[in-house]
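Working notes, structure below.
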Amino acid sequence: MPLLIDIFPARSDNFGYLVHDVATGKTAAIDAPDGKTIREAAARRGWTISDVFITHHHTDHVEGIPLLKRETGATITGPRAEASKILGLEVLVAGGDVVKLGETEFIIIETPGHTLGHIAYYDPAGRHLFSADALFSLGVGRMFEGKPGPMWEGLLQLRALPDDTLVYCGHEYTLANAQFALSVDPRNAALNIRAAEVKRLRESGQATIPVGLGIEKAANPFLRADQPVLAKAMGLAPDAAPELVFAALRKAKDDFKAT
Ligand code: ZN
Ligand code: FE
């Protein structure tokens with residue numbers, strides 16, 4: 001039986017997600033950006049929130065936990081490595097663990113870098129990846145806590161998933177990400193096509209998510225740090241170590257001013 005996914009805006013630029021296991025009626029909020037908004041989204045669908053799956057400790061992903069716990073009694077699952085930083089976690093998980101929502105299984109993938117204990121939730125049967133702030137469309141999260149090597153390794157794990165996986169990330173940053181991506185990889189055809197699509201979607205007020213992972217593999221410069229063209233764009237030798245190219249890309253993005 002399928003998994004239904006409700007996408008809605010929360011806070012200023014977060015995505016809220018509700019995932020609903022049709023077989024059992026179990027429903028999880030992916031992260032808790034805003035408890036009230038999430039409750040209203042569930043009510044619109046007529047779904048009862050049974051679980052909250054947390055990806056990392058940042059306020060814009062956890063601040064809705066107390067309200068959701070109080071009003072729904074949902075079970076709160078999140079990264080073991082950030083247990084001391086997230087109030088209210090009840091089930092602690094780490095890479096390779098499987099989290100069940102009724103009949104749907106999510107595999108936990110460790111994606112350190114944005115925060116040290118950041119995790120992603122992957123549903124292999126339905127090919128849905130909830131990547132939060134580890135992988136955005138055409139970008140990645142800012143490297144607040146980790147080091148480039150482990151962050152790149154985490155992204156390689158995501159890149160190894162099937163092309164027809166749908167990516168659901170934490171923020172609507174795609175338009176600004178496209179500007180940076182085009183500045184470092186201007187002749188990439190897949191990127192130019194995706195950037196044009198993103199512009200059209202945003203101009204008509206639509207979300208740019210979900211996006212196929214196959215498109216991201218071809219267009220997202222941070223998933224292409226092992227490509228000579230990006231090493232060259234960063235002023236490095238074509239055979240430079242991918243994590244060095246990745247680190248240079250991340251730094252360049254930090255300094256980039258989107259117009
Ligand atoms: Zn974050
Ligand atoms: Fe965030």
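The condition (being within 24 Å of Val62 (Cβ to Cβ) and more than 16 Å from ligand 2 (Cβ to nearest atom)) is satisfied by just one residue among Glu172, Glu110, Glu103: Glu110. Screening region 37-57 for residues that are closer than 20 Å to Pro79 by Cβ and open to solvent by 20 Å² or more (accessible area, probe 1.4 Å) and picking the one that is farthest from the chain's Cα centre (by Cα) gives Ser50.
For region 38-69, a residue qualifies if it is hydroxyl-bearing (Ser, Thr, Tyr) and within 16 Å of ligand 1 (Cβ to nearest atom), and the qualifying residues are Thr55, Thr59. Residue count for region 59-73 under the criterion of being touching a residue at least 12 places away in the same chain (Cβ under 8 Å) and surrounded by fewer than 22 Cβ atoms within 10 Å (Cβ to Cβ): the result is 7.
Filtering region 13-22 to residues that are open to solvent by 20 Å² or more (accessible area, probe 1.4 Å) and either modelled with pLDDT under 95 or closer than 17 Å to Asp51 by Cβ (or both) leaves His20, Val22.
When Ala132, Ala120, Ala81 are checked against the criterion of being touching a residue at least 24 places away in the same chain (Cβ under 8 Å), among the small types (Gly, Ala, Ser), outside the structural domain of Ile215 (by TED's automatic domain parsing) and crowded, with 16+ Cβ neighbours inside 10 Å, a single residue qualifies: Ala81. The set of residues in region 118-157 being in a helix (DSSP H, G or I) and away from ligand 1 (no atom under 16 Å from the Cβ) consists of Pro148, Gly149, Pro150, Trp152, Glu153, Leu156, Gln157.
Residues in region 194-223 that are in contact (Cβ under 8 Å) with a residue 12 or more places away in the chain and open to solvent by 70 Å² or more (accessible area, probe 1.4 Å): Lys199, Arg202, Ile215. Based on what the data block shows, is Phe144 within 15 Å of ligand 2 (Cβ to nearest atom), assigned by TED's automatic domain parsing to the domain that holds Leu213, at pLDDT 95 or above and open to solvent by 10 Å² or more (accessible area, probe 1.4 Å)? Criteria met by Phe144. Farther than 19 Å from Arg224 by Cβ and open to solvent by 40 Å² or more (accessible area, probe 1.4 Å): does that describe Glu90? The answer is yes for Glu90.
Filtering region 20-49 to residues that are over 17 Å from Val98 (Cα atoms) and either touching a Pro at 6+ places or on another chain (Cβ under 6 Å) or of a type in the set (S, T, N, Q) (or both) leaves Val22, Thr24, Thr37, Thr48.
The values are calculated or read from the model by the stated rules, or taken from the named source; none is laboratory data. Just so it is clear, the model here is predicted, and its values are computed rather than measured. Every residue, glycine among them, receives a Cβ derived from its backbone with ideal geometry; neighbour counts consider all protein chains shown. Ligands, DNA and RNA are stripped out before the accessible areas are found, and what is left, the full protein with its side chains, is counted by its heavy atoms. Shrake-Rupley method; radii C 1.70, N 1.55, O 1.52, S 1.80 Å.
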